[in-house]
Amino acid sequence: MERAPILKNKLFLYLTEFFAGMSVMAVELGASRLLAPYFSSSQIVWTIIIGTIMIAMALGNLYGGRSADKKPDPDRLYGRILAAGVWIAAIPVVGKYIILAISAVLIFAVNSNFLIWAAFAACMVIFVFPLFLLGTVTPSLAKYSVDSLEDSGRVVGTLGAFNTIGSIIGTFVPTFVTIPTVGTAVTFLIFSGILLALGILYFISRKAGKGKSAAAVVLFLACCVLGSSDSFAFWESDLTYEGESVYNYLQVREDDSRVILSTNVLFGVQSVLEKDQVLTGMYYDYAMAAPLMTGMRDPADCRVLILGMGTGTYATQCSRYYGEMEIEGVEIDEKITELARTYFELPESVPVITYDGRAYLNVADQKYDVIMVDAYQDITIPFQMSSIEFFTLVRDHLADNGVMVVNMNMRGRQEGNINQYLADTISAVFGQVCVIDVPGTTNRELFASDNGMMREHLSAGIENLTQPELKEMMAKVSEGLKAYEAGEYLMTDDKAPVELLGMRVIDDLIMDEVSYYKEIYAREGIQGVLDRVL
């Protein structure tokens, strides 16, 4: 077969390798953002994504090499590139529906490790095919690029360099440019368009493949129209805000009484603002016992640090009920802080540092009367904020009689659950640890201090409260507070299996939620479930 004019200069082959490597990494990062709102962005999910992609690339390498030896036709390679580009463009259109469909099926089919199976199945269905096609690029290009054994090393090395450089750029551009500015859906479309441009340019040079190219363009344009929305919760029609940041999927909903922030499509409330300036009925109310536990005559005199500021619910509630306190917040996601100022009435007078909580403690030299640790959400507990070393750092930043309060939002039933690990680890650092479960939720509040009079200070502080609502809530906390009996489940910087522990609790929560529908399915089949859901 006569070589296409555009291939006579090896530069186009090198550029093909460059953009293929770039697109693979962009799809990998896009995959993490597509899955995170449904399955979290934990190390487990990342492992599944990377493993699935490596499987696809390995199979593509094998097929591409054999195909190139058997029939060294560049038309076939660039046809595969066109197909990969169209498939990637379709991901924003159908990806979220596939994820929910797979989850709906597996939730009835598996009894454990639901997140692992669902995330793996979603990755296999959505991402394996286009990455398999892109995996055929390198061995095929090596076949077309090498003219003789004398220059084979140089040519293959140059192909590898272009692929690596493209992969590097494909790592940074989505993370720091496209995803934060235009979203995950448009990011997929951008890199799909690059692949389509490569294929179409090749076929124009060959004066062939007009039907393939035209079909690819039509399908791509259709995907641009149908898939450019950044909505992950497509069934929601009344969201106040939906978007993405470098770290999170973000969703704000509002009604007549409250404003709510969620960072997960399927479950979880990360922050809430009560418009009527009443107690939230959530764990924030229970955590407000911490200033009273310090024994200070006026809780408003407490200096408070919040690690995991979110939209400032805890800061807002403390200021409303105790008066203007000196409060600082640390929040790694700057976009959440912007939402806090816009939708959650967080005043500019409350400083929020955009930083990792532990990294901030490493550089801060201030002492605080209360340190609130609220950086844990769904399965994504930062391991560096769950170890003996971290809690020792917190203790070192507490003033005399200072109190740390930790919101643990995955109360487990099994022995050795994530909350036992956290509480035992904290007990290895602090002299006194007390806990209370928040009714109607999976939250547990933990209070820790080297001040052995925490509970006595709380009781005394309640007597000085003047707001009946707050006084009643603090009395409820005092009555339900229990001294924690420590075990030996410890986490360190070297060993903190937070993802696996969190996954077990999430599995239990999911199974509890769907047990009702499983019973219906067992009795009446899928029609019975649909009758009750629809």
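Under a 5 Å amide H to amide H cut-off, with H placed in plane at 1.01 Å, what residues pair with I306 once short-range neighbours are removed?
E328, G329, V330, M372
Could you list S319, S205 in order of exposure, starting from the residue whose Cβ has the fewest other Cβ atoms within 10 Å?
Details: S319 18, S205 15.
Listing S319, S205 from fewest to most nearby Cβ atoms yields S205, S319.
For each of D73, D276, count neighbouring Cβ atoms within 10 Å of the residue's Cβ, then give the residues from fewest to most. Mind showing how you got there, number by number?
Working: D73 14, D276 7.
With the sparsest Cβ surroundings first, the list reads D276, D73.
With the cut-off at 30 Å, tell me which of the pairs K335/K367; K96/K207; K335/K482 have Cα atoms farther apart than that.
On the way: K335/K367 27 Å; K96/K207 38 Å; K335/K482 37 Å.
In this structure, K96/K207; K335/K482 exceed 30 Å between Cα atoms.
Quick check: net charge around N451, other residues with Cβ under 14 Å of its Cβ, Lys/Arg +1 and Asp/Glu -1?
Details: positive: K367, R395, R455; negative: D369, D400, D450, E456.
That works out to -1.
Have a look at the DSSP beta bridges in the chain and tell me what percent are antiparallel, nearest 5.
Details: 27 of 43 bridges.
About 65 percent, rounded to the nearest 5.
How many angstrom lie between the Cα centre of segment 323-382 and the Cα centre of segment 460-500?
Their Cα centres are 20 Å away from one another.
Give me the number: length gained by fully extending M453 to N111, i.e. 0.36 nm times residue separation minus the C-alpha to C-alpha distance, one decimal in nm. Mind dumping the intermediate values first?
Working: separation 342, 0.36 × 342 = 123.12 nm, distance 4.47 nm.
In short, 118.6 nm is gained.
Rounded to the nearest 0.05, what FRET efficiency do N362 and K207 have when you use their Cβ-Cβ distance and R0 = 60 Å? Before the final figure, lay out the partial values.
Working: r = 63 Å, r/R0 = 1.04.
About 0.45, to the nearest 0.05.
Taking only the Cα atoms of segment 375-495, how large is their convex hull per residue, in Å³? Can you show the working numbers first?
Numbers: hull volume 14.2 nm³, N = 121.
Expressed per residue, the convex hull around the Cα atoms of segment 375-495 is 117 Å³.
Give the aspartates and glutamates reachable from K143 as a straight Cα distance under 19 Å; neighbours fewer than 8 places away on the same chain don't count.
Qualifying aspartates and glutamates at Cα under 19 Å: E2, E17, D69, D73, D75, D151.
Report relative contact order for the chain in percent, whole number only (criteria: Cα-Cα under 8 Å, sequence separation at least 6).
Values: 902 pairs, mean separation 74.0, N = 534.
Rounded, it is 14 percent for the chain.
What is segment 439-489 by shape, rounded, prolate or oblate, if you read a ≥ b ≥ c off the alpha carbon gyration tensor as root eigenvalues and call it rounded for a/c under 1.5, prolate for a/b larger than b/c, and oblate otherwise? Could the numbers behind the result be given before it?
Details: a/c = 3.19, a/b = 1.43, b/c = 2.24.
Oblate, since a/c reaches 1.5 and b/c is not below a/b.
Evaluate the relative contact order of segment 276-496 (contact order divided by residue number), counting alpha-carbon pairs under 8 angstrom at least 6 apart; express in whole percent.
Values: 420 pairs, mean separation 51.4, N = 221.
Rounded, it is 23 percent for segment 276-496.
Could you order the peptides 460-470, 23-33 from most to least packed, using the average number of other C-beta atoms within 10 Å per residue?
On the way: 460-470: 13.5, 23-33: 24.1.
The densest-packed peptide leads the list: 23-33, 460-470.
Which whole-Hz couplings ³J(HN,Hα) result when phi for each residue of segment 28-35 is put into the Karplus expression 6.51 cos²θ - 1.76 cosθ + 1.60, θ = phi - 60°, listed in order with x for Gly and Pro?
Per residue, the Karplus-derived 3J(HN,Hα) values read 4, 5, x, 4, 5, 6, 5, 7 Hz.
Considering the options C302, M408, G312, tell which one lies farthest towards the positive end of the dipole of segment 276-496, charges being +1 on Lys and Arg and -1 on Asp and Glu at the Cβ, about the Cα centre.
So the residue we want is M408.
By what distance, in whole Å, do the Cα atoms of segment 276-496 stretch along each of the three principal axes, largest value first?
Here the spans come out as 43, 38, 35 Å, largest first.
Counting other beta carbons within 10 Å of each Cβ, put L59, L361 in order, fewest first. Walk me through the intermediate numbers first.
On the way: L59 15, L361 21.
Arranged by neighbour count, lowest to highest, L59, L361 become L59, L361.
Please identify the trypsin sites (Lys or Arg not before Pro) of segment 379-475 that satisfy two criteria: DSSP loop assignment and at most 11 other Cβ atoms within 10 Å. Which are they?
Details: sites: R395, R411, R413, R444, R455, K471; in loops: R411, R413.
Loop-located and lightly packed - R413.
Could I get the Rg over Rh figure for the chain? Both from C-alpha atoms, Rh via Kirkwood, rounded to two places.
Details: Rg = 27.3 Å, Rh = 25.8 Å.
Result for the chain is an Rg/Rh of 1.06.
Per DSSP H run of n ≥ 4, the term is -39500 (n - 2.57); total these for the chain, divide by its residue number, and report the mean residue ellipticity at 222 nm rounded to 500 deg cm²/dmol.
Values: 19 runs with 307 residues, N = 534.
Calculated at 222 nm, the ellipticity per residue is -19000 deg cm²/dmol.
Taking the Cα centroid of segment 71-91 and of segment 182-218, what is the distance between the two, rounded to the nearest whole Å?
What the calculation gives is 9 Å, centre to centre.
Every read-out reported here was derived from the displayed coordinates using simple, explicitly stated rules and does not represent laboratory data. This structure is a prediction, so every number in the text was calculated from the model and none was measured. Cβ sites come from the backbone with ideal geometry, for glycine too, and all protein chains shown count toward neighbours.
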